[in-house]
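Just so it is clear, none of the values below were taken in a lab; they were calculated from the coordinates. These figures come from a predicted structure and were not determined experimentally. Glycine gets a Cβ as well: all are built from the backbone with ideal geometry, and neighbour counts include every protein chain shown.
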């Protein structure tokens, strides 16, 4: 075994972690409609890796700042090192969430007695249970689908009543 192979493995693991973080950040920003053309992984003089964000348009920066601000309380509530995380954040009834395993959009109904979250189809229907770890937040695409589903449900209710 060459003397520097352990160091090479350590560097490779650091690079892989930085690449994953870069990919996740790019995907998250893309869900907001924000692109960072200059987003890349770079190596520092000390051999560590970091993300270079490059530059972004002012409107995109404002939207990104709003998303970070809006999500900060949720992120803090869901962190593993938060002993009160179960009590800190609970969605509002009717809040849109994504069942990540089924890629299904639903409205939060309540926490079931066994601790799973109940989501209902947009516009009504039979709720289904989702483990909290399987809950995600809607992207712009999900929000567009939800708007269309709500309009359809409202139209159907008006037709049925009228």
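Fully extending the segment from residue 24 to residue 95, taken as 0.36 nm per residue of separation minus the present Cα-Cα distance, adds 23.2 nm.
Sorting 155, 64 from the fewest to the most surrounding beta carbons within 10 angstrom yields 155, 64. For the pair residue 32 and residue 114, label points projected 7 Å from Cα toward Cβ lie 3.7 nm apart.
Computed extension length for residue 45-residue 68: 5.4 nm, one decimal, from 0.36 nm per residue of separation with the Cα-Cα distance subtracted.
Listed from fewest to most Cβ neighbours within 10 Å, the set 143, 56 follows the order 143, 56. Where the centre of each part is set by its Cα atoms, how far does the stretch 94-162 sit from the stretch 26-61, in angstrom? Between the Cα centre of the stretch 94-162 and that of the stretch 26-61, the gap is 32 Å.
Extension gain for residue 11 to residue 144 (0.36 nm times residue separation, less C-alpha to C-alpha distance): 43.7 nm. Each of 92, 156 was scored by other Cβ atoms within 10 Å of its Cβ. Arranged with the fewest first, they read 92, 156.
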